Structures are given as C-alpha cells and as structure tokens.
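Below is one structure; the comments refer to it alone.
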Amino acid sequence: MNETTTRFGSRALALVAAAALAILAAGATAQAASQVGTGGVAAHGTTLTVYSGRDERFVKPILDQFTQRTGIRLQVRYGDSAALAATLIEEGSRSPADVFIAQDAGALGAVAGRGRLAVLPQRTLQRVAPRFRAPGKRWVGVSGRARVVAYNTESLRAVELPSSIWGYTHPRWKGKIGLPPTNASFQAFVSAMRMRVGNDRTRDWLLALKANDVKFFPNNSGVLQAIARREVEVGFVNHYYLYQLKESTPSAPVANHFLTGPDPGALINVAGAGVVSSSKRKAASVRLIDFLLGKDAQRFFSRSPGRAEYPLAAGVRPRTGLPALSRIEGARVNLGALGVRLPSTLQLLNEVGYTR
Amino acid sequence: MSRPAARGRASLLLTAPALLTAGAVLLPLAYLVVRSATAGRDAWGVLDAATGRLVLDTLLLVAIVVAVAAAVGVPLAWLVTRTDLPGRRVWAVAFALPLVIPSYVAALALLGALGPRGFLQEILGRAFGVERLPEIYGLPGSVLALTLSTYPYVYLLVAAALRDLDPALEEAARGLGRGGWHVFRSVTLPALRPSIAAGGLLVGLYVLSDFGVVSLMQYPALTRAIYLSYNALFDRDPAVVLGLVLVALTALVLVAESRFRRSARYHRTTASSARRAARVELGRWRWPAVGACSALLAVFLLLPVSVLVYWTWQAVPLGRPIDVAWRAAFNSALAAALAAAVAVAAALPVVYLAHHRPAWWTRLLERACFTANALPGIVVALSLVFFGARYGGVAYQTLALLVFAYVVRFLPQALAASGAALQTVNPRYEEAARGLGRGPLTTLALVTAPLVRSGLLAGAALVFLSALKELPATLLLRPIGFDTLATEIWQATAFADFSAAAPSALLLIAVSAPYVYLLVGRHGRLGGPSAG
C-alpha cells in the first residue's frame with residue numbers, strides 16, 4: 001500500500017505539472033494570437049489606449065459609439081482613478097496610455113503636475129466653462145457632480161433638513177450622520193470649505209460633527225446603503241450615486257437634498273479627461289476628448305437610465321429635478337486649486353481623527 | 001531526529017534559480033528603497049506618535065487573528081486527517097473554501113448579516129424587539145472577517161503536515177501506554193510546530209497587508225494610512241515610508257515565527273515515509289465534533305454564501321438577468337493555475353537550500369523572500385508597474401507579467417507550505433540518492449518532491465486561491481480586456497450593486513472547489529488507511 005500511495009503522489013504531481021505546462025502553452029499561444037490581432041488592427045486604423053478611472057458602465061457605451069463613428073479602436077484599462085494616476089506617474093514616458101479619463105479633478109491634477117499630461121488645444125478647452133477645466137490647460141472637465149445631503153425618506157421629510165451644512169452639528173443629528181472621510185470627493189469638499197470659511201471654522205465643524213457621533217463609511221455607496229437600511233438617517237455624498245442605487249433597488253427609501261446658495265456644503269466637482277504627454281496619437285486622442293464633450297456623450301452622462309451627472313458642454317440640460325448649476329455657488333471654487341490643498345486637508349482630517 | 005549537518009556546497013543548479021526567485025520577490029522592496037531615497041525630508045515626518053499608535057493597533061490585530069486562526073485551524077486539521085469524523089472528506093474541502101472569499105466581500109457579507117440593521121438584527125428585532133446588536137465595527141468585526149479569510153492557511157498547512165507526519169512517533173508513545181490527548185499534546189503538537197508557525201506566519205502577513213477588511217470595519221491599521229496617502233496623490237512619499245514600517249513589522253513577525261518554530265526539528269527516521277497514522281476513533285465525541293464543525297462552517301462559509309445568494313436572488317424580481325461571468329471565471333482560473341505552478345517550482349530550490357544546505361546565506365535568502373509579503377497589493381502592483389514599464393519590454397501588461405506579479409505576491413505561501421513539509425524529511429534519503437550518482441535537480445524532483453507532496457500541493461492550493469481573488473495588481477497589470485472574477489466583483493461593488501457582485505463571488509467559490517478537492521480532498525481520501 002505504501003508503494004501505491006507514493007506512486008499516486010508522484011503521479012498526481014506529474015499530472016498537475018503537465019496540466020500547468022499545457023495551460024502555459026495555451027496561454028502563450030493565445031497571447032501571441034491576440035498580439036497578432038491588435039497588430040493587424042493597428043495596420044488598418046488607429047488604436048488608442050485609454051486608462052479609465054471611471055466605471056465601465058459609465059463610459060463603455062459612449063466609447064463604443066466613438067469607435068463606431070470614427071473607426072478609431074479603443075483599448076480600455078479600467079481601474080481606480082488614484083491607482084491609475086499613480087500608474088501613469090510610475091510608467092513615466094514609457095506609458096502605453098494615450099488618454100486618461102478620471103473620476104475626479106484631483107487625480108487629473110496629480111498626473112498633470114508631474115508633466116504627464118499634454119496641453120489641450122484651445123478649441124477643446126473652450127467648450128467648458130473656465131472653472132471646470134485645468135488652469136494649466138492640461139485637462140478638461142467632462143461631467144459634474146454636486147455634493148448633497150442624502151436622507152432616508154421613511155424617517156425624514158425634506159423640510160426637516162437644515163438648509164445649511166452648519167445645522168448638522170445640532171444634537172438632533174447625534175449618531176444619525178454618515179460620511180466617507182477617505183473618499184476623494186469628500187476631501188475635495190473639505191478643501192473647498194477651507195478655502196471659503198477658513199481652516200479654523202472648518203476644523204470646528206469637523207470636531208463638532210465628531211462630537212455628534214458621526215459614522216464613517218469607506219465610500220459614497222456605503223453611506224447610501226447605510227441610509228437605505230437606516231443605520232444612519234442622513235449622509236454627505238455626491239448626488240448621482242442615488243440614481244445608481246435606484247437602478248438596482250428602486251424601492252430604496254433615499255432622496256437627495258441639495259444645498260444651494262453660498263453655503264459651503266454646496267460644491268460641484270468634475271470627472272474629466274486629458275491626453276497623456278507621451279502619446280504618439282495625440283490628434284486621435286483629442287478627437288476622443290472632443291467626442292466626450294459632444295452632444296451624444298453629454299446626454300449619455302446626464303440623462304440615460306441610472307445616470308444623472310451635470311452636463312458641462314454642448315448646451316445639454318441637466319436631468320429634470322436637479323437645481324441649475326448656477327444655483328450651486330460652490331461651483332465658483334476653482335477645481336484646479338483644490339488639488340493643491342489636498343495634502344493640508346488630509347493633515348487636518350488626520351488631526352481631527354477622521355482618517356486615523 | 002538528527003539535525004541535518006551542513007554538507008558540501010550548494011549546487012549552482014539550485015543556487016541560481018533560488019537567487020533569481022529571491023531577486024524577483026524583492027522587487028517591491030527595491031522600489032520602496034528607490035522611492036524613499038527620492039522622498040522629501042517631510043515624508044519622514046509621518047513617523048510620529050499617531051503612527052506609533054497605528055503600529056500598536058496593527059500588531060494587536062495581528063496577534064489576535066493569528067491566535068484565533070490557530071485555535072480554529074489546528075483542531076479542524078486534526079479532525080479531518082486523523083479521526084473517523086463522519087463525512088471528513090467533504091469537511092476537508094469545505095474548510096479550505098473560505099480562503100477564496102475576497103476579504104472585502106467577506107466583510108461586506110458579515111456587515112450585511114451581523115451589522116446594525118443587518119439580517120440578524122431584522123430577525124431578532126421582529127421576534128424579540130432587539131434594537132441593537134453588539135458593535136461589529138472596529139476590532140470584533142475585523143477579527144471575525146480576517147479569521148474567516150485566513151484560518152485556512154493554518155488549517156491547510158497543518159493538515160498537510162499531519163498527512164506527511166511519521167506515525168511511528170505517535171505509535172511509540174501510545175505503545176508506552178500514553179492516552180490520546182497526552183500523545184497529541186506531547187508528540188503530535190510539537191511535531192506540528194513548523195506547520196503551525198508557517199501557517200501563523202501567513203496569517204500574520206495577510207493581516208498586515210489587508211486593506212479591504214480594515215477599511216470596511218473601520219479599524220485603524222497601517223495599510224489604511226498607506227492607501228489614504230496613495231489616494232492623496234500629490235504627496236505619496238508618506239506611503240513609501242509607511243511601507244518601510246510595514247516591512248519592519250514583517251521582520252518582527254518573521255522573528256516571532258522562527259522563535260516559535262526553533263524548538264522543534266522533527267523528521268522521519270525510518271523508511272515509512274508514505275505510511276499513514278491509524279485513525280483516532282472519536283467515540284462519544286463523534287457527534288459533538290460534527291456539531292462544532294457545522295457551527296464553524298456555518299459562520300465561516302454558510303453565512304457569507306447565504307448573504308451572497310440572497311443578494312443574487314434580490315435581482316430576480318427586478319427582471320434583471322443574472323450575469324454569469326464564464327469568461328472571467330476561465331481567465332481567473334488560468335492565471336491562478338499558472339501562478340500556482342510557477343510559484344511552487346520557484347519555491348522548491350529556495351526552501352531546499354534553506355533546510356538542507358543550512359548556511360547563513362541560504363536561510364537569509366529564504367527569510368528575505370517573506371519581507372515584501374506584508375506590503376499592501378497596491379504597493380506591490382506599482383513597484384511592478386515601475387520595473388515592468390522600464391525593463392519589461394513587450395511583456396508589460398501581458399498575462400506573463402500578471403502571473404509574475406501573482407508569484408511575487410504569493411510566493412511566500414508556497415515557501416511556507418513546502419518549507420514546513422521539508423522540515424519533516426530526513427536528509428539521508430537525499431544523501432543516498434546523491435551517493436547513487438543522481439544530480440541535485442534529479443534528487444529534488446524524484447526524491448524530495450514526492451516526500452513533501454502534501455506540502456507542495458497545499459502550497460499550490462494556497463497560491464491558486466490567493467491569486468484567484470487578487471485585485472490591485474490584476475487591475476494594473478492584466479492585459480487590457482482580461483477580466484477576472486475579482487475585477488468583476490470590484491466593478492459591481494464600486495456602486496454597492498451587490499446583486500451584480502454576488503454571482504461572481506459565488507462563481508469564485510465554485511471555481512475553486514474542484515481544485516481544492518483535487519489538492520486536498522482527493523489526496524486525503526486515497527492516502528487514508530480507512531480507504532486503502
């Protein structure tokens with residue numbers, strides 16, 4: 001019996017090894033085949049490599065449309081905006097990427113700050129308002145998102161909500177507020193608040209919220225989920241996540257409350273795009289960005305099912321029910337300037353115990 | 001029981017691949033050193049009192065999870081390998097499966113079940129008016145989710161060791177009239193020390209590197225600070241410094257591991273290498289044991305799986321199709337299987353040198369291979385982006401580089417598994433083979449490898465399961481369009497679309513089950529005397 005088991009053991013091992021080798025060979029062949037494939041495509045038309053920090057379901061349909069219209073093929077690497085930005089910086093001039101589409105202005109600013117984005121043509125830049133594009137002309141906002149107070153519609157009516165972000169330090173909200181302290185858009189919001197009311201008042205507000213037993217979540221969706229199941233009653237998030245939640249769970253008892261006017265709780269942030277400076281296909285890359293600012297793409301971002309971002313170009317109007325961009329004063333904060341403040345904002349959030 | 005003496009010089013045929021392996025695994029560390037050299041002076045300012053507290057909190061979490069994982073993993077391994085536990089072959093596979101649940105999915109599912117306003121509270125609330133459950137956020141939830149994801153390391157390695165362990169020692173002790181418990185405590189347990197230590201090491205390194213659980217459970221661990229710093233983008237230097245702190249903590253864990261392991265050096269003395277120990281009859285403990293196994297499995301596998309099934313089922317009334325990502329499942333299995341094969345092959349020369357050619361440099365080589373393992377995935381991924389884009393040529397962002405990345409991240413698992421197994425092999429067999437004129441590689445392949453097959457297979461299983469769920473490196477280094485189950489789950493959870501994430505997570509478990517069966521269950525059945 002000893003012998004049998006030993007022999008079985010080595011046989012099993014040999015089998016596993018043989019299987020692995022076979023898979024390796026198959027993999028290598030497939031790899032070679034796919035490379036030949038892309039090579040063939042490149043011979044016929046241009047292929048752009050896109051790094052997208054935006055979720056596949058938010059951009060793929062419109063990217064497919066671009067290929068249909070122009071014949072320019074796209075190879076898209078989806079990932080986290082910050083991780084892709086770091087990747088572009090580490091790759092340096094050897095990056096295979098042509099276009100970077102990011103979820104927030106901070107990621108674009110970081111890549112541009114390392115000289116990894118090319119200057120965009122004036123014609124492209126002029127399609128959006130100055131406050132939604134980089135001061136250095138290296139990226140442009142494609143769609144906007146407003147900071148809102150999301151609330152549970154079963155436990156609250158809209159009229160019960162404070163009209164200002166300052167109101168949430170009241171004991172009435174003790175243990176009932178959720179926010180995502182590590183999320184880039186929350187941090188941009190804190191940066192904007194510091195620019196508007198100063199460091200000290202911002203710190204006091206953060207500390208007062210903390211004393212009010214605010215609950216932390218890893219991201220915007222986490223906050224919305226917690227509101228839906230009444231773990232908290234209100235949360236500070238981006239407005240468009242609600243539409244995504246309603247798409248998957250139509251009965252979720254959550255609604256958005258917009259802060260308007262000069263309140264520091266009101267802010268518009270953008271998702272945007274830029275052309276990678278080492279790209280050898282800059283003209284085609286600019287064409288893609290122009291397409292993202294065109295009517296079809298802008299409509300797609302703002303009005304297709306489950307999507308409700310603010311259109312920033314081509315005269316497209318936002319989804320009904322959203323307050324006009326001009327009513328959200330926070331928009332006047334320059335987004336290019338927000339990124340520079342991020343390190344000191346992080347320091348503040350560390351100090352007050354939000355991120356540690 | 002004899003200590004292997006340092007014999008002869010290590011053959012170049014073994015040294016060269018071992019050095020190559022160590023070089024590859026140390027790339028992330030090299031990246032940190034390069035980056036820290038260019039980091040501004042301010043970056044070192046991150047080493048303040050608050051970071052000190054983070055380090056203590058992190059070590060506390062590591063210590064607790066290692067202890068709990070060992071307390072769960074060792075008895076389970078013994079039950080499925082050494083006793084007449086009813087249905088032990090099924091248990092043997094089932095207990096390894098939680099390893100494949102990505103820890104962020106496990107944490108999500110646990111929150112969904114046990115969190116405030118979760119399923120359990122809903123049920124208890126309706127029945128007994130329970131308004132609040134004990135707090136799950138922080139330490140309790142982190143320990144529960146991380147134990148779920150890591151106890152299989154201890155379990156798989158200890159089970160492999162029990163299979164390979166020479167039964168003569170236990171038989172002798174029993175022959176001397178010792179009772180079952182006494183034999184276990186004084187003979188079996190000490191002989192298991194290398195494998196418990198190796199499993200505990202993997203658990204510790206995993207906890208150090210994990211980000212998913214601590215971010216969802218809001219536990220202040222070092223990795224959280226590293227991710228925050230990376231996300232800040234404008235100033236990533238603190239992340240590099242914190243990464244070096246993690247490497248220092250890894251050294252601490254490695255020292256603790258070798259301290260724990262040092263006291264035991266057991267290997268077979270007779271040629272009974274493939275002989276199996278007699279099964280322990282549980283007698284009246286039979287059903288309590290089944291009860292305990294069921295309870296553990298209910299928490300570690302059934303609970304997360306049923307939450308996933310519930311989320312999947314939620315999509316049905318919405319009339320949405322339940323997408324089954326077959327293509328992604330195939331991609332995942334392909335990349336993970338390649339990684340497992342390469343990792344085991346790469347690990348063998350390293351452990352062989354460390355254990356059978358003991359010299360200061362062979363040990364150092366083996367230990368060094370662990371140092372980068374506690375780094376969070378994003379750091380390892382970016383280091384390979386850094387080197388890959390510069391020196392990878394056409395291999396950059398291909399399947400080959402992705403498999404390479406998996407091997408770099410998970411080689412220590414193959415090392416720990418085969419190393420623990422190798423410690424139980426008497427070097428005299430190999431000496432005999434060499435004496436008969438066999439070369440070092442032939443001896444390694446024909447004599448050593450079969451003797452430690454359980455350890456090698458366990459190592460392959462560990463690497464396979466870890467690679468299946470790997471996310472950060474997969475996102476950055478995969479060929480464009482190469483979707484895996486982990487990337488599918490990531491995409492769905494980004495929008496809290498759990499009903500879309502759940503089928504992929506279930507598929508992940510389904511894909512790994514047959515592989516685990518092949519490596520653990522089937523082997524166990526054929527080897528057991530009750531089946532032979």
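Observations on the structure shown:
- Reported count of residues in region A:113-128, each being modelled with pLDDT of 90 or more and either in a loop (DSSP other than H, G, I, E, B) or within 20 Å of the chain's Cα centre (by Cα) (or both), is 10.
- Cβ-Cβ under 8 Å pairs, at least 6 apart or on other chains, region B:55-76 side within 18 Å of B:PRO140 (Cβ to Cβ), far side outside any helix (DSSP H, G or I) and modelled with pLDDT under 95: B:ASP57/B:TYR219; B:ASP57/B:PRO220; B:ASP57/B:ALA221; B:THR58/B:ALA221; B:LEU61/B:TYR219; B:LEU61/B:ALA221
- Counting only helices (runs of 4 or more DSSP H) that sit wholly inside region A:211-310, those with at least 2 residues that are touching a Pro at 6+ places or on another chain (Cβ under 7 Å) are A:220-228, A:295-303.
- Region B:35-45, residues that are in a helix (DSSP H, G or I) and either of a type in the set (Ser, Thr, Tyr) or surrounded by fewer than 20 Cβ atoms within 10 Å (Cβ to Cβ) (or both): B:SER36, B:ALA37, B:THR38, B:ARG41, B:ASP42, B:TRP44, B:GLY45
- Within region A:166-189, residues that are away from every other protein chain (no Cβ under 11 Å) reach partners that are of a type in the set (Asp, Glu) and surrounded by fewer than 16 Cβ atoms within 10 Å (Cβ to Cβ) with beta carbons closer than 8 Å, at six or more positions or on different chains, in the pairs A:LYS174/A:ASP213.
- Only one entry of B:VAL214, B:VAL187 meets the criterion of being more than 27 Å from B:GLU366 (Cα to Cα) and surrounded by fewer than 24 Cβ atoms within 10 Å (Cβ to Cβ), and that entry is B:VAL187.
- Put simply, of B:LEU446, B:LEU441, B:LEU415 the only residue that is modelled with pLDDT of 80 or more, farther than 17 Å from B:ILE196 by Cα and among the aliphatic types (A, V, I, L, M) is B:LEU446.
- Close Cβ contacts (under 9 Å, 6 or more residues apart or on different chains) running from residues in region A:195-219 that are within 13 Å of chain B (Cβ to nearest Cβ) and without any contact (Cβ under 8 Å) to a residue 12 or more places away in the chain to residues that are crowded, with 20+ Cβ neighbours inside 10 Å and not in a helix (DSSP H, G or I) are absent.
- A:PRO264 satisfies every condition listed in (1) under 30 Å from B:LEU216 (Cα atoms); (2) surrounded by fewer than 23 Cβ atoms within 10 Å (Cβ to Cβ); (3) more than 14 Å from every other protein chain (Cβ to nearest Cβ) except (2).
- Among residues of region A:93-112, those that are assigned to a helix (DSSP H, G or I), more than 7 Å from chain B (Cβ to nearest Cβ) and over 16 Å from the mean Cα position of the chain (by Cα), counted: 2
- Helices (runs of 4 or more DSSP H) enclosed by region B:423-497 - at least 2 residues per element that are among the charged types (D, E, K, R) and more than 9 Å from chain A (Cβ to nearest Cβ): B:427-435
- Region A:299-334, residues that are touching a strand residue (DSSP E or B) at 6+ places or on another chain (Cβ under 6 Å) and either within 14 Å of chain B (Cβ to nearest Cβ) or among the β-branched types (Val, Ile, Thr) (or both): A:GLU309, A:ILE328
- Considering region A:240-257, and only residues there that are surrounded by fewer than 20 Cβ atoms within 10 Å (Cβ to Cβ) and more than 21 Å from A:GLN103 (Cβ to Cβ), the residue that is nearest to the other protein chains (Cβ to nearest Cβ) turns out to be A:PRO250.
- Per the listing A:THR87, A:THR70, the residue uniquely of a type in the set (Ser, Thr, Tyr), at negative phi, at the interface with chain B (Cβ under 8 Å from one of its Cβ atoms) and surrounded by 15 or more Cβ atoms within 10 Å (Cβ to Cβ) is A:THR87.
- Count - residues of region A:305-315 that are loosely packed, with under 14 Cβ neighbours inside 10 Å and either farther than 18 Å from A:ILE268 by Cα or in contact (Cβ under 8 Å) with a residue 24 or more places away in the chain (or both): 1
- Considering residues of region A:245-276 that are β-branched (Val, Ile, Thr) and modelled with pLDDT of 85 or more only, the residue nearest to A:VAL149 (Cα to Cα): A:VAL254
- Within region A:73-92, being part of a helix (DSSP H, G or I) and farther than 12 Å from A:ARG54 by Cβ holds for A:ALA82, A:ALA83, A:ALA85, A:ALA86, A:THR87, A:LEU88, A:ILE89, A:GLU90, A:GLU91, A:GLY92.
- Options B:VAL90, B:VAL65, B:VAL72: the member that is away from chain A (no Cβ under 14 Å), within 21 Å of B:SER215 (Cβ to Cβ) and either surrounded by fewer than 21 Cβ atoms within 10 Å (Cβ to Cβ) or at pLDDT 90 or above (or both): B:VAL65
- For B:GLY23, the requirement of being at pLDDT 85 or above, of a type in the set (Gly, Ala, Ser) and out of contact with any helix residue (DSSP H, G or I) (no Cβ under 6 Å at 6 or more places or on another chain) is met.
- Region B:425-456, subset among the polar types (S, T, N, Q) and within 21 Å of B:ALA343 (Cα to Cα), residue surrounded by the most Cβ atoms within 10 Å (Cβ to Cβ): B:SER454
- Per the listing B:ALA340, B:ALA381, B:ALA336, B:ALA328, the residue uniquely more than 21 Å from the chain's Cα centre (by Cα), outside any loop (DSSP other than H, G, I, E, B) and surrounded by 20 or more Cβ atoms within 10 Å (Cβ to Cβ) is B:ALA328.
- If the condition is being without any contact (Cβ under 8 Å) to a residue 40 or more places away in the chain and either over 25 Å from A:ARG54 (Cα atoms) or crowded, with 16+ Cβ neighbours inside 10 Å (or both), then region A:128-159 contributes A:LYS137, A:ARG157, A:VAL159.
The values are calculated or read from the model by the stated rules, or taken from the named source; none is laboratory data. Since this is a predicted model, take the numbers as computed values, not measurements. In this analysis, Cβ positions are derived from the backbone assuming ideal geometry, glycine residues included, and neighbour counts consider all displayed protein chains.
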